[in-house]
């Protein structure tokens, strides 16, 4: 059983406008690397990854339930992480909850795709 | 143990871009940048087991500081050192000197290291467009092997 984590503000509080490409994640996403941010209602929003993109996924300096990045290949999520310099979520349960939510939004996640980076900088771990 | 990303690079603009992007993508890792091969090798001798990614340029310009201390060496020197060690992590070779980069790649792959090579382009555009996604992929993929090691059953303590 995974529990949702607490809302967290972006470390860069500048109220960037929301990226025009930002949209709720769903099962129709094309292959590529994406940044994601989970909004206060639990919905995952995604944008093609790029430098310092996380504060622009929701925009406006909004708080997030979780954030990271993911790779889609052949229609499957092949990796899903908590990598975000902007939000730096550091709880593995939150990442597992984020994975569950992606599945509810229609994405298929490969085995061993959920990879957690501990805040102490120790080696990343596969969660599931 | 906190993992490090080690980079051999002497160009200030490249270093600034790499620092910015690594801080944005991998905030939990330590970033170590070395402008000369001897400095890189000296550090790797003591820290290689805690390095999660190495990225090597080849051609190094002597700086005012390194001139005082001698030859800055090349990325080949670091590759040669690594080739004498047990493979620990992926290596990226980022050099416009393709001939030298190929030689480094050959040395390392022959010794069992996982190596990816990219050729810089368009001033600094390659750092965000090619180098960072490559670094991310190599590091994220490494989680699998690390997890298996960490999660492997260990003998119960007496």
Next on the checklist: Return the pair list, or none, for Cβ contacts closer than 7 Å from residues in the stretch A:1-16 that are modelled with pLDDT under 55 to residues that are in a loop (DSSP other than H, G, I, E, B), at least 6 apart or on different chains.
Outcome noted: A:4/A:42; A:4/A:65
Item to check | All positions within the stretch B:69-91 that are within 24 Å of residue B:136 (Cβ to Cβ) and either more than 12 Å from the chain's Cα centre (by Cα) or surrounded by 21 or more Cβ atoms within 10 Å (Cβ to Cβ) (or both) | outcome: B:75, B:78, B:79, B:82, B:87, B:89, B:90, B:91
Checklist entry - at pLDDT below 95 and surrounded by fewer than 20 Cβ atoms within 10 Å (Cβ to Cβ) - does that describe any residue in the stretch A:29-48? => result no
Item to check | Residues (at the interface with another protein chain (Cβ under 10 Å from one of its Cβ atoms) and in contact with a strand residue (DSSP E or B) (Cβ under 8 Å, 6 or more places away or on another chain)) located in the stretch A:49-69 | outcome: A:49, A:50, A:53, A:54, A:69
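Anything in the stretch A:48-83 that is more than 17 Å from residue A:13 (Cβ to Cβ) and under 10 Å from the mean Cα position of the chain (by Cα)? List them, or say none. Break it down into steps so the answer makes sense when it comes.
Narrowing the stretch A:48-83 to residues more than 17 Å from residue A:13 (Cβ to Cβ): A:48-51, A:65-66, A:68-83.
The answer is A:65, A:66, A:68, A:69, A:70, A:80, A:81, A:82, A:83.
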Checklist entry - Do any helices (runs of 4 or more DSSP H) entirely within the stretch B:64-133 hold 2 or more residues that are modelled with pLDDT of 95 or more, in contact with a strand residue (DSSP E or B) (Cβ under 7 Å, 6 or more places away or on another chain) and closer than 16 Å to residue B:6 by Cβ, and if so, which? => result B:75-83, B:98-110
Checklist outcome for this item: Restricting attention to the stretch A:96-115, the residues that are touching a strand residue (DSSP E or B) at 6+ places or on another chain (Cβ under 6 Å) and within 12 Å of chain B (Cβ to nearest Cβ) number exactly 5
Checklist outcome for this item: Here the residues within the stretch A:117-128 that are in contact (Cβ under 8 Å) with a residue 12 or more places away in the chain and facing another protein chain (nearest Cβ under 8 Å) are A:117, A:118, A:119, A:124, A:125, A:126
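State which residue is nearest to the other protein chains (Cβ to nearest Cβ) when the search covers only the stretch B:41-55 and only residues that are closer than 19 Å to residue B:116 by Cα and in contact with a strand residue (DSSP E or B) (Cβ under 7 Å, 6 or more places away or on another chain).
B:52
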Checklist entry - Does residue A:41 satisfy the criteria of being touching a strand residue (DSSP E or B) at 6+ places or on another chain (Cβ under 6 Å), away from chain B (no Cβ under 14 Å), more than 19 Å from residue B:136 (Cα to Cα) and in a loop (DSSP other than H, G, I, E, B)? => result no
Checklist entry - Which residues, counting only those in the stretch B:30-56, are surrounded by 17 or more Cβ atoms within 10 Å (Cβ to Cβ) and free of Cβ contacts under 8 Å to residues at least 24 places away in the same chain? => result B:39
Next on the checklist: Condition first: out of contact with any helix residue (DSSP H, G or I) (no Cβ under 6 Å at 6 or more places or on another chain), in contact (Cβ under 8 Å) with a residue 40 or more places away in the chain and either part of a loop (DSSP other than H, G, I, E, B) or at the interface with another protein chain (Cβ under 8 Å from one of its Cβ atoms) (or both). Now tell me which residues in the stretch B:5-24 satisfy that.
Outcome noted: B:10, B:11
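The values are calculated or read from the model by the stated rules, or taken from the named source; none is laboratory data. Everything quoted here is computed from the prediction, not taken from an experiment. Glycine also receives a Cβ, built like all others from the backbone with ideal geometry; neighbour counts cover every protein chain displayed.
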